[in-house]
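What follows draws every value from the coordinates through simple rules; no lab data is involved. Keep in mind it's a predicted model, so treat the numbers as computed, not measured. Reconstructed Cβ throughout: ideal geometry from the backbone, glycine too, with neighbour counts over all protein chains shown.
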Amino acid sequence: MAVYGQGREMRQILGPMSTLDPSRIPAHVAIIMDGNGRWARKRGLIRSLGHENGVDALRRIATRSAELGIRYLTVYAFSTENWQRPRAEVDALMGILVSALKKELKTLKDNNIRLNAIGDLDSLPKQCRKELEEVRSKTASHTHMTLTLALSYSAREELVRAARTLAEAAVAGTIAPADIDATLLRSALYSHPLPDPDLLIRTSGEYRISNYLLWQIAYAELYFSDKLWPDFTADDLDLALLDYQSRDRRFGLTQEQLNALS
Ligand code: FPP
């Protein structure tokens, strides 16, 4: 398991071989942005300041991702479980989301990034939904990268909802139960039609998936960093990508079969 904490130092250790191969940049990177609360606590600050600094980190990483040619970046901004946090923190996070959406429209425009969102979006406060809709429509024609915010998101709930949608279609007679296969189930997920992530990064030294994109990460490479999310830099992203490029992705096949395919 690769755990790199110090970007520049690790680049020095890796030496001249440590340049990214532009032809092997993953199409889709998913991130669990963890550690905002600990970042704030270490500085004697309130947790919401950790989240505010988390937005700065997200801007850095989205900009670097677009620069590198990553086509899809999907970040876990708020889980269904996060609703159970103290009311003040939930309110602060929703406020930060609204002001970040207003403020970052320029970043999205400058980098030709389309904003997208997945999750139980109807459960978000009205102001968030309104702002989200506005930024989504204002960036709908952007083509360089899609930034997806997972908001009020739970992978299990996503799968339950997909099962319910397909069951309703079967009862209505639009599909037969025998039609239900991986392709049809995938089409009923929140994330449709995004491709599956190639790489999943989690920060803050925690080694969990926490109900994130469970279906979609079936073949993703996993990378864990012990940096807290507000400290995660463009260099740290490069290191994660270097590590990704050092892996053999076989999708359950043998190396010989893969060689024959290429
Ligand atoms: C996890 O840190 C992070 C979150 C629950 C929220 C992530 C939100 C942001 C990065 C900023 C807001 C994003 C947008 C798109 C506006 P934690 O609070 O669980 O940290 P801890 O484990 O150290 O307590």
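Which value at 222 nm does the chain reach when only helices count, each DSSP H run of 4 or more adding -39,500 (n - 2.57), with the total divided by all residues and rounded to the nearest 500 deg cm²/dmol?
-14000 deg cm²/dmol
Proximity of backbone amide H atoms, modeled 1.01 Å from N, is registered between THR146 and TYR72, LEU73, ARG114 at under 5 Å, excluding neighbours fewer than 5 places apart on the same chain. Label point of MET94 set 7 angstrom out along Cα-Cβ; within the range 59-80, amide nitrogens under 16 Å from it belong to 78-80.
Is the chain best put as rounded, prolate or oblate by its Cα gyration tensor, with a ≥ b ≥ c the root eigenvalues, rounded for a/c under 1.5, and otherwise prolate when a/b is larger than b/c, oblate when not?
Numbers: a/c = 1.62, a/b = 1.06, b/c = 1.53.
It is oblate, given that a/c is not under 1.5 and a/b is not larger than b/c.
For the chain, set up a GNM with springs between Cα atoms under 10 Å and report which of VAL55, VAL75, VAL160 has the largest fluctuation. Sorting by GNM fluctuation, first place goes to VAL160.
Calculated FRET efficiency, THR254 to ALA218, Cβ-Cβ distance, R0 = 22 Å: about 0.75 to the nearest 0.05.
The value given for the range 113-231 is a Kirkwood hydrodynamic radius of 16.3 Å, derived from the mean inverse Cα-Cα separation.
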